[in-house]
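Worksheet: one structure, shown below.
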Amino acid sequence: MISIDLSGKCAFVTGASQGIGRACAEWLARAGASIALVARSEENLREVAAGIAAGGGRAEALPADLTESGRPASMVAEAAARLGGLDIVVNVAGVSRRSDPIDVSNDDIDLAIDLKLRASVEITKAAVPLLRERGGGSIIFISGLSHVHTHVFHGSGCIPNAALAAYKHQLAKRVAPDGIRVNMVNPGATATPRMARQTKRASELTGKTIDEVKAKRLAAIPMGRFVSADDIATTVLYLVSDLAGSVTGNSINVDGGECQAVRV
């Protein structure tokens, strides 16, 4: 039987209080990794940490606003100090407010860039020396389809996602000699609290009902169902494991077949 064993590994997961980030943290913990949980809500983080502990795992709740200057790097240092090192980084935290591309606010753009792009880069810069100390490791960026398969009202989220995709390629080549692998996961329409908020906003922008918005999105997915947070988390689990030991610099769409293209 094939299994993934991350015993002795230490993972840093942002956006870990709910949705995809929470699922990633829980699946990594089930595989034996110790987890540093990072998000703004201390209450939610403690709930996630308690659940992991109840299952026999170890998790440290580290509440933080990653848009604050210097905060991303300081959280990496604190996580490594508490866990005893760092092997895995999963950058999930982000925000995408549905908006008209010719009417998107500067505040929305700034927030999207600060939380998804700048924080992810700062976390990565702080983490790479720690991963080198361990002889290698894995860095994951959770992005989205918005930079490769854009809908009109995707809004500000597509901007940092596109930038991170470029950064991922550059970083993967730079740290490959250190045994550090870098990959990106692009979730499709994923049934999370964020999707519920985005659906509501899309309804407001288009004048369609929430059910109509959902039905239109579902019709674009060949598999006929929305992605689950667990679908994303198990893909991440594979990518950080030895099973993906030669996989780096890649992006994987987990979208039920929604985004398909032939590239030559």
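Return the residues of region 115-152 that are at pLDDT below 95, of a type outside the set (A, V, I, L, M) and surrounded by fewer than 18 Cβ atoms within 10 Å (Cβ to Cβ); say none if nothing qualifies. If the condition is that a residue be at pLDDT below 95, of a type outside the set (A, V, I, L, M) and surrounded by fewer than 18 Cβ atoms within 10 Å (Cβ to Cβ), then 150, 151 are the ones that fit. Filtering region 233-240 for residues that are surrounded by 17 or more Cβ atoms within 10 Å (Cβ to Cβ), among the polar types (S, T, N, Q) and in a helix (DSSP H, G or I) leaves a non-empty set.
For every residue, the table says whether it meets (1) modelled with pLDDT of 80 or more; (2) surrounded by 14 or more Cβ atoms within 10 Å (Cβ to Cβ); (3) not basic (Lys, Arg).
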| position | (1), (2), (3) |
| --- | --- |
| 173 | yes, no, no |
| 181 | yes, yes, no |
| 191 | no, yes, yes |
| 195 | no, yes, yes |
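Residues in region 173-193 that are touching a Lys or Arg at 6+ places or on another chain (Cβ under 9 Å) and not in a loop (DSSP other than H, G, I, E, B): 175, 178, 180, 182, 183, 184. Which of the residues that make up region 102-151 are part of a loop (DSSP other than H, G, I, E, B), of a type in the set (D, E, K, R) and over 20 Å from residue 79 (Cβ atoms)? The answer is 103, and nothing else.
Among the residues of region 89-101, just one is assigned to a loop (DSSP other than H, G, I, E, B) and modelled with pLDDT of 95 or more, namely 92. Evaluated against (1) touching a residue at least 60 places away in the same chain (Cβ under 8 Å); (2) surrounded by 20 or more Cβ atoms within 10 Å (Cβ to Cβ); (3) within 17 Å of the chain's Cα centre (by Cα), residue 159 falls short on exactly one condition, (1). Out of 58, 46, one residue alone is surrounded by fewer than 17 Cβ atoms within 10 Å (Cβ to Cβ), farther than 17 Å from residue 94 by Cα and in contact with a Ser or Thr (Cβ under 6 Å, 6 or more places away or on another chain). It is 58.
Just to check your reading of the model, which residue among 74, 138 is touching a residue at least 60 places away in the same chain (Cβ under 8 Å), more than 22 Å from residue 157 (Cβ to Cβ) and among the hydroxyl-bearing types (Ser, Thr, Tyr)?
138
Based on this model, can you work out whether residue 196 counts as in contact with a helix residue (DSSP H, G or I) (Cβ under 8 Å, 6 or more places away or on another chain), within 20 Å of residue 258 (Cα to Cα) and assigned to a helix (DSSP H, G or I)? Spelling it out, it is not the case that residue 196 is in contact with a helix residue (DSSP H, G or I) (Cβ under 8 Å, 6 or more places away or on another chain), within 20 Å of residue 258 (Cα to Cα) and assigned to a helix (DSSP H, G or I).
The values are calculated or read from the model by the stated rules, or taken from the named source; none is laboratory data. Please read all numbers here as calculations on a predicted model, not as lab measurements. Backbone-built Cβ (ideal geometry, glycine too); neighbour counts: all protein chains shown.
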